[in-house]
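Nothing in this text is a laboratory measurement; each read-out follows from the coordinates by a stated rule. Note that this is a predicted model, so its numbers are computed, not measured. Here the Cβ is made from the backbone with ideal geometry for all residues, glycine too, and neighbour counts use every protein chain on show.
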Amino acid sequence: MAHRPDHKPRSGGAPSRRTAARLAAVQALYQLELSDGSADAVVREFGQHRLGHEIDGADYGEADRDLFGDLVRNVTADRAELDRVLGTALSAEWSVDRLETVLRAILRAGAYELSSRRDVPPRVILNEYVDIADAFFSGKETGLVNGVLDRLARTLRPDEFEGPKRDPSATAG
């Protein structure tokens with residue numbers, strides 16, 4: 001699975017090492033959901049064969065390997081709790097299980113960072129995962145990622161996430 005080859009980061013340049021780690025983590029989480037592999041095995045596979053390489057026209061770029069491993073291992077380990085948290089930010093008509101697999105991986109990774117990575121500002125997390133959604137989707141999914149992660153940021157880290165509250169209900173389900 002590769003991101004859209006025509007997609008360029010908003011900055012216009014090559015993705016940062018942390019951005020590359022997040023993008024690769026979403027791809028690894030997708031792979032894990034479709035296979036019986038372990039998080040450690042997938043982290044090793046990506047480290048040996050994907051990170052820093054170009055595959056099928058997709059440049060995996062040099063990634064922050066520590067962040068990549070943290071995301072893959074902890075999102076996998078905490079999946080049930082992350083799904084519960086995500087469920088609070090989705091509309092009543094939607095459950096995490098109804099979401100497309102890549103979209104679930106994006107939201108789980110974003111929810112993990114918002115809940116556990118206090119070293120990263122919430123607006124950075126939102127921007128990163130909205131960009132990642134944009135790399136995979138061309139429809140309403142990007143708005144859904146923005147709406148759901150915005151709700152979670154305001155709930156999980158209200159002291160760090162100031163500004164007017166938007167109503168993302170039209171995009172969160």
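Cα atoms only: what Rg and Dmax, in Å, come out for the stretch 78-173?
Rg, Dmax (Cα atoms, Å): 12.0, 33.
Which length gain, in nm to one decimal place, applies between D36 and A77 when the Cα-Cα distance is subtracted from 0.36 nm times their residue separation?
Result: 13.4 nm gained on full extension.
How big is the gap, in Å, between the Cα center of the stretch 31-52 and the Cα center of the stretch 75-99?
One Cα centre to the other: 23 Å.
For E93 and T155, what does the FRET efficiency come to when R0 = 22 Å and r is the distance between their Cβ atoms, rounded to the nearest 0.05?
Plugging the Cβ-Cβ distance into 1/(1 + (r/R0)^6) gives 0.65.
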